Amino acid sequence: MPPANTRLPLIPYPRSAVLTGGTCALNKATRVLFESGPHDLASWAAPMLDLLRRGTGLALPIAPALSGPTHTSITVGHLDGQPAEAYTLEITEAGVVLRAGDREGLIWGLQTLRQLLPAEVERPLPRVAADPGRPDGNLRPRPADWLPPPGKPSPWPTATLGEDAGGQGRGQRNAASAAAATAAQPAPHPVWSLPCLQIADQPRYAWRGLLLDSCRHFQQVAAIERLIDLMSLHKLNRLHWHLTEDQGWRLEIKTRPLLTEVGAWRLDSDGVRYGGFYTQEEARHVVAYAAARGITVVPEIELPGHCRAALAAYPELSCRGIALPVETAWGVFPDIYCAGNDAVFSFLEEVLTEVLDLFPSPFIHLGGDECPPDRWSECPRCRERMAREGLRDADELRGWFVRQIATWLAERGRRAIGWDEVLAGELAAGTIVQSWRGFAGATEARRRGHDAIVSPISHVYLDQDVAQVGLETVLGFEPEDPRGESASLAGSAGRTLGGEMCVWTEWIPQAVLDERVFPRACGGSEALWSPPPSGGARRRDVAEFRARLVNHSQRLRALGVAGLQASRL
Ligand code: TNX
């Protein structure tokens, strides 16, 4: 019998796991059995089972009835009366029994089963271009005198990023690690051994998000789906897809073709036409790919600010109507949608009509952040709007603007999410607030009866350098206000939906995504899924987590994830 305190090599760690002694062998004779019941368990399990089949080299056929006593089996069944995403996993010498009440729970249970198998089951994920926004797909040549601004990470692979960082020369592609190359060989194991155990698991938070900014730098669909695979491995369940920005509009909108014909392209300082966009077909593919792996894709269509790319395509939607290019610098820019022009609202409704058709997500992110008042205060139509609606200042006008669209969404059965600046105005019922400038926005949202997603720069902004936001910081992230004040807010229980790590890509071309996201996202997944620190401890046990991470990183390396050299764990 193993010692009671043996921790399994799982990230994120389950709510309860007990080793019961002995092992279970998966081998050529292993069959998969689906219990009959209200759900189509076989179709829910299909993508994960295929992955296990490819990895183990075992056929794992689906058996119509119980196999004989000499065969081990993986039985998949229903679990009733449990919270969303819960599952139980029981492994005995006779086989594996996995039970879940919904598709997500089933996928998470299969991910746990996968993590109990050795790293050799993993096959490298697809390789991707260094920077697909450039015509040659490679990284922009590094200027001799280039230095990242203070507090910003370097976007360029360097010696410290290790041997498996992305290629830097022309024609080179991300080199998968030697480990991954080895893992590409057919699995040598005819038998795969699992520890006997009992796991009962469910998430701490319902919202375990990762934001991907596809605007500042553009990613291939293959790179996004690769990230989705890695999110699913860590039981992260919301991909917040930042699709529109000052520097690029990335989603095809059929009724507004100039958004991508013009708005998806910018002329970078080195004279290169940088850009790209996702066709509707590609967006649907990403959504379906994510759903099959337990992940909801939440699109963000930014308004009323961060929209210079849309204004480059349709200048008449701005206050001044002046043609401006798609922005090439990073920052906050004064030209935003005109709040006094009804055509702006028809435009946004047309865009969002297509967005709702593409994204079944119950949640649609509307942005609402970093929206300077400059143009509105000079614009006669905006001033007229303010007078007519009885709004005192630009903050109230922004609140009114976001409320129009949030109400329009609510009428169509979707919930709006806004960055914490939206708290400056009155919120439409059901609006979710995403707190990024610290925790206060979430506290205020809960106080006003709104749900909150917590993603403070200080803890989960993965575009920040690891010196500012390190693995320990992300692991130690507690979405509920650290002073415990949230608990004392009457009626606020459950209003913290969870947290979200943010990958803003000003300084992150596709080639360096891996090392920006990992291993920190492993810590974030633990913070959002696993139970809070136990036994009155205020912090998680970092050393214990690192020990699991060292083990887990072998799996990530086998998948071809870059930047996991020992010094970064
Ligand atoms: C602030 S977070 C932004 C983004 C930037 C990010 C860089 C938020 C709502 N707005 O537009 O990319 O900082 O860290």
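Data for the structure
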| read-out | value |
| --- | --- |
| Test: residue in region 298-316 that is closer than 30 Å to Leu559 by Cβ, in a loop (DSSP other than H, G, I, E, B) and away from the ligand (no atom under 16 Å from the Cβ) | no |
| Odd one out for Ser269 among (1) buried (at least 24 other Cβ atoms within 10 Å of the Cβ); (2) in a loop (DSSP other than H, G, I, E, B); (3) among the hydroxyl-bearing types (Ser, Thr, Tyr) | (1) |
| Enumeration of residues in region 210-222 that are in contact with a helix residue (DSSP H, G or I) (Cβ under 8 Å, 6 or more places away or on another chain), outside any loop (DSSP other than H, G, I, E, B) and within 13 Å of the ligand (Cβ to nearest atom) | Leu212 |
| Residue match in region 513-523 (condition: touching a helix residue (DSSP H, G or I) at 6+ places or on another chain (Cβ under 7 Å) and closer than 17 Å to Arg204 by Cα) | yes |
| Any chance Asp481 is within 12 Å of the ligand (Cβ to nearest atom) and modelled with pLDDT under 95 | no |
| Given (1) farther than 19 Å from Leu311 by Cα; (2) assigned to a helix (DSSP H, G or I), index of the condition Ala416 fails | (2) |
| Looking only at region 441-476, and only at residues there that are surrounded by fewer than 24 Cβ atoms within 10 Å (Cβ to Cβ), within 19 Å of the chain's Cα centre (by Cα) and of a type in the set (S, T, N, Q), the one that is nearest to the ligand (Cβ to nearest atom) | Gln464 |
| Which numbered condition Arg414 fails, given (1) under 23 Å from the mean Cα position of the chain (by Cα); (2) surrounded by 24 or more Cβ atoms within 10 Å (Cβ to Cβ); (3) more than 16 Å from the ligand (Cβ to nearest atom) | (2) |
| Which numbered condition Ser346 fails, given (1) under 19 Å from Lys254 (Cβ atoms); (2) touching a helix residue (DSSP H, G or I) at 6+ places or on another chain (Cβ under 6 Å) | (2) |
| Residue among Arg293, Arg266 that is within 16 Å of the ligand (Cβ to nearest atom) and touching a Pro at 6+ places or on another chain (Cβ under 8 Å) | Arg266 |
| Residue in region 369-376 that is away from the ligand (no atom under 16 Å from the Cβ) and of a type outside the set (D, E, K, R) present | yes |
| Residue within region 419-435 that is within 16 Å of the ligand (Cβ to nearest atom), free of Cβ contacts under 8 Å to residues at least 24 places away in the same chain, assigned by TED's automatic domain parsing to the domain that holds Gly294 and surrounded by fewer than 21 Cβ atoms within 10 Å (Cβ to Cβ) present | no |
| Single residue of Tyr274, Tyr278, Tyr289 found to be more than 22 Å from the chain's Cα centre (by Cα) and aromatic (Phe, Trp, Tyr) | Tyr274 |
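For (1) more than 30 Å from Pro47 (Cβ to Cβ); (2) buried (at least 22 other Cβ atoms within 10 Å of the Cβ); (3) hydroxyl-bearing (Ser, Thr, Tyr); (4) assigned by TED's automatic domain parsing to the domain that holds Gln247, each residue gets a yes or a no:
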position	(1), (2), (3), (4)
Glu302	yes, yes, no, yes
His306	yes, yes, no, yes
Cys319	yes, yes, no, yes
Phe333	yes, no, no, yes
Val344	yes, yes, no, yes
Val351	yes, no, no, yes
Phe359	no, yes, no, yes
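Okay, residues lined up against (1) over 18 Å from Trp507 (Cα atoms); (2) at pLDDT below 95; (3) crowded, with 18+ Cβ neighbours inside 10 Å:
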position: Arg208; (1), (2), (3): yes, no, yes
position: Phe218; (1), (2), (3): no, no, yes
position: Arg238; (1), (2), (3): yes, no, yes
position: Ile253; (1), (2), (3): yes, no, yes
position: Leu259; (1), (2), (3): yes, no, yes
position: Gly275; (1), (2), (3): no, no, yes
position: Thr279; (1), (2), (3): yes, no, no
position: Gly294; (1), (2), (3): yes, no, yes
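The values are calculated or read from the model by the stated rules, or taken from the named source; none is laboratory data. These figures come from a predicted structure and were not determined experimentally. Don't worry about glycine lacking a Cβ; one is built from the backbone with ideal geometry, like all the others, and counts go over all protein chains shown.
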